[in-house]
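Let me begin by presenting the structure, written as structure tokens, before commenting on it.
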Amino acid sequence: MEHYYLLAGLLILSALIRLRIQNLQPDTDASRPDESLFPKDKIANDKLVLVEGVSENDLSKILQMFCNSYNRKAFQALPRLIQLSDNQFAVTFPYDINFEIYCYFINYVNYPPGFDRHFKTVGWATTTPSDSWITEKSVNKNVMLYISDFDEEYDNVFLTTSDNVGYKLGFAIEEEMQLLDSPEKSYVRQPVNINELDEKPYTDFK
């Protein structure tokens with residue numbers, strides 16, 4: 001009987017979390033720091049996000065909402081949007097982005113507030129020793145970041161290193177990182193050459 005109560009509790013919690021995510025209101029606060037604080041020099045990096053099954057109009061709204069949330073006091077997120085096909089887009093960060101905020105970005109685009117659906121979002125990066133959640137098994141490695149196909153928590157991302165070590169990176173307190181016995185998804189190299197994207201038309205957000 002206790003198992004039934006536990007299962008019922010988990011189902012209720014899952015439903016409440018889903019309802020909370022779907023009812024989040026888009027951030028329309030467009031306040032920004034003084035333009036003198038805008039970064040002057042680009043920073044070389046290989047952070048790349050691919051988003052599928054979304055229109056350019058919807059993705060532009062999502063990127064602007066994310067910027068509204070993170071750029072009020074400092075320019076922490078400056079994504080660049082490049083269209084690859086009718087419903088596939090690449091996002092890069094010419095001025096780089098903090099790894100933790102980058103993980104939030106992947107989750108945010110996958111579960112954007114104000115939308116009743118999610119969009120497949122996958123990211124790639126090379127980790128550094130100062131990055132949040134990074135351990136000796138994942139430092140200085142190419143990694144792939146994604147949302148689990150079985151996700152019911154809505155506040156984490158999954159990471160797979162180039163040598164297929166897997167982690168769950170949780171945003172909630174006391175759920176910050178979990179080493180997996182095996183990754184849910186094996187590492188796949190970036191299907192797009194990030195250097196070639198510089199030649200394509202783009203839209204910058206701030």
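The values are calculated or read from the model by the stated rules, or taken from the named source; none is laboratory data. The structure displayed is predicted, hence computed values, not measured ones. Note: ideal-geometry Cβ built from the backbone for every residue, glycine included; neighbour counts use all protein chains shown.
Do the conditions hold for Asp163, that is, is it among the charged types (D, E, K, R), at pLDDT 95 or above and more than 29 Å from Pro39 (Cβ to Cβ)? For Asp163, the condition - among the charged types (D, E, K, R), at pLDDT 95 or above and more than 29 Å from Pro39 (Cβ to Cβ) - is met.
Among the residues of segment 89-133, write down those that are of a type in the set (A, V, I, L, M, F, W, C), closer than 16 Å to Ile147 by Cβ and in contact with a helix residue (DSSP H, G or I) (Cβ under 8 Å, 6 or more places away or on another chain). Val91, Phe105, Val109, Phe115, Phe119, Val122, Ala125, Trp133 - these are the residues of segment 89-133 that are of a type in the set (A, V, I, L, M, F, W, C), closer than 16 Å to Ile147 by Cβ and in contact with a helix residue (DSSP H, G or I) (Cβ under 8 Å, 6 or more places away or on another chain). For Gly114, the requirement of being touching a Leu at 6+ places or on another chain (Cβ under 6 Å) and small (Gly, Ala, Ser) is not met. For the condition outside any loop (DSSP other than H, G, I, E, B), among the aliphatic types (A, V, I, L, M) and over 16 Å from Phe66 (Cα atoms), Ala172 does not qualify. Go through segment 131-149 and give me each residue that's farther than 13 Å from Tyr187 by Cα and either among the acidic types (Asp, Glu) or touching a residue at least 24 places away in the same chain (Cβ under 8 Å) (or both). If the condition is that a residue be farther than 13 Å from Tyr187 by Cα and either among the acidic types (Asp, Glu) or touching a residue at least 24 places away in the same chain (Cβ under 8 Å) (or both), then Asp131, Ser132, Trp133, Ile134, Thr135, Glu136, Lys137, Ile147, Ser148, Asp149 are the ones that fit.
For segment 156-206, a residue qualifies if it is under 17 Å from Tyr108 (Cβ atoms), without any contact (Cβ under 8 Å) to a residue 60 or more places away in the chain and surrounded by 15 or more Cβ atoms within 10 Å (Cβ to Cβ), and the qualifying residues are Asn156, Val157, Phe158, Leu159, Gly170. Scanning segment 110-124 for residues that are surrounded by 16 or more Cβ atoms within 10 Å (Cβ to Cβ) and out of contact with any His (no Cβ under 9 Å at 6 or more places or on another chain) yields a count of 8. If we scan segment 142-151, do we find a residue that is out of contact with any His (no Cβ under 7 Å at 6 or more places or on another chain), assigned to a loop (DSSP other than H, G, I, E, B) and closer than 22 Å to Asp29 by Cβ? Scanning segment 142-151 turns up no residue that is out of contact with any His (no Cβ under 7 Å at 6 or more places or on another chain), assigned to a loop (DSSP other than H, G, I, E, B) and closer than 22 Å to Asp29 by Cβ. Give me the residue from segment 82-103 that is among the aliphatic types (A, V, I, L, M) and under 12 Å from Leu48 (Cβ atoms) and, out of that set, surrounded by the fewest Cβ atoms within 10 Å (Cβ to Cβ). If we take residues in segment 82-103 being among the aliphatic types (A, V, I, L, M) and under 12 Å from Leu48 (Cβ atoms), then Leu84 is surrounded by the fewest Cβ atoms within 10 Å (Cβ to Cβ).
Of all residues in segment 53-96 being assigned to a helix (DSSP H, G or I) and of a type in the set (Gly, Ala, Ser), which is farthest from Asp204 (Cα to Cα)?
In this case the residue turns out to be Ser69.
Taking segment 166-183 as the range and being of a type in the set (Asp, Glu) and at pLDDT 95 or above as the test, only Asp181 passes.
Does Asp41 qualify as being touching a helix residue (DSSP H, G or I) at 6+ places or on another chain (Cβ under 9 Å) and of a type in the set (Asp, Glu)? It is false that Asp41 is touching a helix residue (DSSP H, G or I) at 6+ places or on another chain (Cβ under 9 Å) and of a type in the set (Asp, Glu). Regarding Ile106, is this residue surrounded by fewer than 18 Cβ atoms within 10 Å (Cβ to Cβ), in contact (Cβ under 8 Å) with a residue 12 or more places away in the chain and under 14 Å from the mean Cα position of the chain (by Cα)? Answer is no for this residue.
Yes/no per residue for (1) of a type in the set (S, T, N, Q); (2) within 22 Å of Asp116 (Cβ to Cβ):
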{"residue": "Glu52", "(1), (2)": "no, yes"}
{"residue": "Glu56", "(1), (2)": "no, yes"}
{"residue": "Asn68", "(1), (2)": "yes, yes"}
{"residue": "Asn71", "(1), (2)": "yes, no"}
{"residue": "Ala74", "(1), (2)": "no, no"}
{"residue": "Pro79", "(1), (2)": "no, no"}
{"residue": "Gln83", "(1), (2)": "yes, no"}
{"residue": "Ala90", "(1), (2)": "no, no"}
{"residue": "Ile97", "(1), (2)": "no, no"}
